[in-house]
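The values are calculated or read from the model by the stated rules, or taken from the named source; none is laboratory data. What you are looking at is a predicted structure, and each value in this text was computed from that prediction instead of being measured. Here Cβ is always computed from backbone atoms with ideal geometry, including for glycine, and neighbour counts include all displayed protein chains.
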Amino acid sequence: MHKPLFLILLLTVLTSPALSQTLSGKVTDLSTGSPLHYAHIACPETGEGTITDEGGNFTLIVKDITKARTLIASFVGYQTMMKTVKDAQLVFALSPDTTTLKSIEITSPDPDALIRLALRKIPDNHGGQRLLTCFYRMVTKNQDKYIQVSEASFELNQFPLHYNQVKVLKAREAEDDKAFNGVGMGIGTPVASARSTDITMRADDSFLGEKNRKKYNFFYEGILQRGDVEVHEISFDQKNIKDALYKGRLYLHTGSLAFVAVEYELSPKGIAYLKFGNAAQRAAMKLLDIDINILVQRLTLTYRRFGDKWYLDHVVRDEHVRVKSKRYNFDVPVAERGEFLVTRIDTTFRRAFAEEELTKSGFIESAADTSKSFWQDYNTIPSQIDYNAIAREIESRNGYASVKTALRNRMKNFPKDPAIRADCVLTYYHSRGLFNGTALVKHKGKVILHKGYGYADRELKIMNDTSTVFRIGSIAKTFTSRIIWQLEQEGLLKYSDSVQRFVPWYPHNGITIHHLLTHSSGIPNFMAQAAFIDSIRHPFTIEELIRNFGLEKPTFAPGSEFKYSNTGYTLLALIAEKASGKTFAELFTEKITVPLRLNNTSFARQHPAQAKGYWNGVPEPAYAIGNTAGAGAVSATAADLLKWDEAHNDPRLAVLFVPRTWYHDWGSHYGYGWNIDKYQFWASKKHTIHYHGGTDFGFKSMLARQPDQNNLVVLLNNTGEFPLFDITDLVLNILN
């Protein structure tokens, strides 16, 4: 992060094979010498720009210095100043603007008429193709303690017909897993919120839309100077109606009526009627006994003129909420600030992003990377908030990184025997409350560890052991893909078949079995729907699940992107039923458990020897297990998963492990029901690792197989979240 280390900042040239150059400086008030925070610095020749930090400092990376000639500094209430990039001292001392702020209007314009005209003129003032390079930072605090921080640099492609394509260039995040007693709140979606904030891109859906505008009173306040332009100032507030709406101010350019700035926040008149999130989120919170009250929600949007158009430039979003739960025993006040800055505008870019650009560049680096050079090639939002220090503190609180580091140091003194070393790893994590379940490790074809750790049932004091059964969550997808493969071998279906061949009433064309297997169908996840969550305790047939919850329109063209979808695998289970004329339960028994002798593996039922699931320290909510058919709903022992691993040595099954799509969240390719690792495990640098994880309320699991050495790691946990990738990585390192 940039710190105020200099009083007079000099032009700095970084040695680089490209023509990029880093320009640094400071913006102050001429009369007082005080630094100006959020002053804007722009290079009009290249479209690059940034803002100043709390100390008035800025750093701007200009990619092509041969095109850059000037820098312009602007700040609301001050006269704009220009300097050449060759100026030895890029210190901008701005003079307060003495222009009369408001002129006397004999007849005030009609504010609603001005807004309607401004909305009609959006295509003239704000339209056209552009590639925006953006930076986002979000920081969340619980009183004085940081509990989340994230940063992302990405490109936002607003080429006509392909608006809002996102290509993540680099990103990192750290979140305190213990801030809500272990309940993951998933606060913030930086890229998504930056993509949807621009009023000029979604005017019809905003509070300025034709229908919503009727709910507000607008007042014309006059003309004032904002930066180097005159603007109409219009204030607004919601009418006295029972709805949670906004109050704020609009600033429209007096000449073109372009949006120059928008400021709005929740109105005190309606905040009592506010509901958090969408219907699905509220249903999930009700199920989990979590209550979220929004206290403050405030946004400020500013636009920047480049050429003859105005573009979204800077967004600041503040939200204060209170998160409470009696079930999980927490009451946490949370303050969140998100900032979004356009650091470069390119109006010459005239194409859509290709699929490989969207997928391969989306991998999120680890928050553990807190090197000073992380953002050295990127323009960022300058701040005296030290991301690296915050991330290290959060990671230390979580304990995952520190536990892994401490264990690596201890492993130097462990016996060389891989069985003992693997057991020491599991025992170490169990002793710190980070693993509770059963583990199985195979080394070069021989089981070297098969052992239980902790309680299967705390109340009855029953211990986990080698016969304990666990729900395995999404590992069940490997079973579904195997059943589909068998039906394909029998000629009952083809991977290229459309969904409609077997489910003619399915409304969306162009989706094939291949798309469903590879999560490239675009079908939304029905398990996130409010209606499904409200009905989760009611058992449905697989066809009822699809008819009631699985008919949502795909979010992208089939085959164009990757989006993990449980719905796709439930639809595969229905296709299997239609293709075979048998129920999925019958297929599971006929093609999986009986021929492979998986005596302790079952579909959609509670096994007598099954562990009790605990989620955040208390027994998990009850639900109808079969409602996740195809995507989950399978229970098994570690011993049965060993048999399952060995059942994949058939060369014909290689089709399941061919990389077909890129799963950027996990840094792996995805085949048919299996991840093929690239980034998660150190062993993947030299070996191929096939794996799948699974989450099911109180159960979390991992199955990772290394075919070339006949190695296997199975981790089955019944106390919810645990560092499954860290443990698997350490054990694979032992085996290799």
*Does residue 270 count as within 16 Å of residue 207 (Cβ to Cβ) and either at pLDDT below 90 or of a type in the set (Asp, Glu) (or both)?*
yes
*Is there any pair linking a residue in the range 487-503 that is assigned by TED's automatic domain parsing to the domain that holds residue 554 to one that is of a type in the set (Val, Ile, Thr) and not in a helix (DSSP H, G or I), with Cβ under 6 Å and at least six apart or on different chains, and which?*
496/512; 498/512; 499/511
_Among (1) at pLDDT 95 or above; (2) within 21 Å of residue 407 (Cα to Cα); (3) among the aliphatic types (A, V, I, L, M), the one test that residue 724 misses_ = (1)
_Tell me whether the range 267-276 contains one or more residues that are in contact (Cβ under 8 Å) with a residue 40 or more places away in the chain and closer than 24 Å to residue 108 by Cβ._
no
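Starting from residues that are part of a helix (DSSP H, G or I) and within 28 Å of the chain's Cα centre (by Cα), keep the ones in the range 627-645 and report whichever is farthest from residue 481 (Cα to Cα). First the steps, then the outcome.
To start, the set of residues in the range 627-645 that are part of a helix (DSSP H, G or I) comprises 627-628, 638-645.
Adding the requirement that they be within 28 Å of the chain's Cα centre (by Cα) leaves 627-628.
On the way: 627: 18, 628: 15 Å.
Ranking the candidates gives 627 first.
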*The lone exception for residue 450 - which of (1) surrounded by fewer than 22 Cβ atoms within 10 Å (Cβ to Cβ); (2) more than 15 Å from residue 703 (Cα to Cα) it fails*: (2)
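List the strands (runs of 3 or more DSSP E) that sit entirely inside the range 382-464 and contain at least 3 residues that are within 30 Å of residue 54 (Cα to Cα) and under 34 Å from the mean Cα position of the chain (by Cα). Spell out the reasoning first.
Values: elements: 437-443, 446-453, 455-457.
Ranges flagged: none.
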*What are the residues in the range 106-133 that are part of a helix (DSSP H, G or I) and polar (S, T, N, Q), if any?*
125
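If you go through the range 712-735 one residue at a time, do you hit one that is on the phi > 0 side of the Ramachandran plot, among the polar types (S, T, N, Q) and either over 25 Å from the mean Cα position of the chain (by Cα) or surrounded by fewer than 23 Cβ atoms within 10 Å (Cβ to Cβ) (or both)? Steps first, please.
Restricting attention to the range 712-735, the residues satisfying the condition of being on the phi > 0 side of the Ramachandran plot are 720.
Checking which are among the polar types (S, T, N, Q) leaves us with none.
No, the conditions are met nowhere in the range 712-735.
Being modelled with pLDDT under 90 and surrounded by fewer than 23 Cβ atoms within 10 Å (Cβ to Cβ) is true for just one of 650, 665. Which residue is that? Spell out how you get there, then give the answer.
Details: 650 fails: modelled with pLDDT under 90.
Only one candidate passes the filter, namely 665.
Would you point out the residue of the range 668-708, among those that are of a type in the set (S, T, N, Q) and within 16 Å of residue 722 (Cβ to Cβ), that is modelled with the highest pLDDT?
701
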*Answer yes or no: is there a residue in the range 712-735 that is polar (S, T, N, Q), more than 23 Å from residue 593 (Cβ to Cβ), free of Cβ contacts under 8 Å to residues at least 12 places away in the same chain and not in a strand (DSSP E or B).*
no
